[in-house]
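Here's the structure, in structure tokens; my notes come after.
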Amino acid sequence: MPAPRTVAHVLLCGLVLAVAACSAPQPAPPAAPEVVDAAAVSRPPPDPVREPVVVLDAGHNGGNGAHVAEIGRQVPDGRGGTKACNTTGTQTAAGYAEHAFTFDVTARVAKRLTAKGVRVVLTRTDDAGVGPCVDERAAVGQRAGADAVVSIHADGSAPANRGYHVAYSDPPVNDVQSGPAKVLATALRDSLHGAGFPDSNYIGRGGLSPRRDLAGLNLATRPTALVECANMRHAAEAALVSTPAGRDRYAAGIAGGILAFLGR
Ligand code: ZN
């Protein structure tokens, strides 16, 4: 269970106690229970208290390819070193770009989460810009106080390789990475697996991939995982990611995992 829910629960209990204390007559007569506003006590807390926040991070950006120097700038990698600000991403053999895929799937996930009362924050809102850098993407999750942060990508591996995998920071560099982040990654894996997508046959195990080289995961202070939906160089998966119906399937799988993690 994510920590913010526990905090919200504590706040709610504190609020209920405060309301009860303030409304108690001085001194309380035997009939005191009649003045208690039961509806007010049982009323759900205001939305801002319980509304979960999810940051969706669509990998890469459409303008990265034309700004090689800018996205090649070195930024902190979360383990004491540096790495490139961002990359151009991959594409299918037919030329369908990963940045377009991630942007579209992210919008579909956002729509599904919003319909369930989740507040969604995006790390980029168009597909023609540059960046942001990986360290800035991680900072978005921190500033939002996100209950979950999910980066969405697709891979560009050898044509025989196929399947999704979900990456998480390992070895972890903080308690969030060693606990909730792994729970989030597992929830995403369970949902994608349950939706019928094959576990990766070339990286990680059982659809999960511990990674130490992904800055966005290393820098995370909120529960964060990265989904590699498919191998865009595998013929059948390339066909799937290239259709709106296929992308909707990936979005449903990712949204299902996030909602399960949030307990919604
Ligand atoms: Zn990518």
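Only the coordinates and a few stated rules stand behind these numbers; no lab work does. All values derive from a computational prediction rather than experimental measurement. Every residue, glycine as well, gets a Cβ built from its backbone with ideal geometry; the counts of neighbours run over all protein chains shown.
Within the stretch 65-103, the set of residues being within 14 Å of the ligand (Cβ to nearest atom) and in a helix (DSSP H, G or I) comprises 65, 71, 98, 99, 100, 101, 102, 103.
When you look at residue 178, is it among the hydroxyl-bearing types (Ser, Thr, Tyr) and farther than 21 Å from residue 141 by Cα, yes or no? It is false that residue 178 is among the hydroxyl-bearing types (Ser, Thr, Tyr) and farther than 21 Å from residue 141 by Cα. The lone criterion from (1) on the phi < 0 side of the Ramachandran plot; (2) touching a residue at least 40 places away in the same chain (Cβ under 8 Å); (3) touching an Asp or Glu at 6+ places or on another chain (Cβ under 9 Å); (4) buried (at least 18 other Cβ atoms within 10 Å of the Cβ) left unmet by residue 163 is number (1).
Would you confirm whether any residue within the stretch 232-253 is under 13 Å from the mean Cα position of the chain (by Cα) and away from the ligand (no atom under 16 Å from the Cβ)? Let's see the steps before the verdict.
Of the residues in the stretch 232-253, the ones under 13 Å from the mean Cα position of the chain (by Cα) are 251, 253.
Add one more test, that the residue is away from the ligand (no atom under 16 Å from the Cβ), and what stays is 251, 253.
There is at least one residue in the stretch 232-253 that is under 13 Å from the mean Cα position of the chain (by Cα) and away from the ligand (no atom under 16 Å from the Cβ).
When you check residue 154 against the structure, is it within 15 Å of the ligand (Cβ to nearest atom) and surrounded by 17 or more Cβ atoms within 10 Å (Cβ to Cβ), yes or no? Yes, satisfied.
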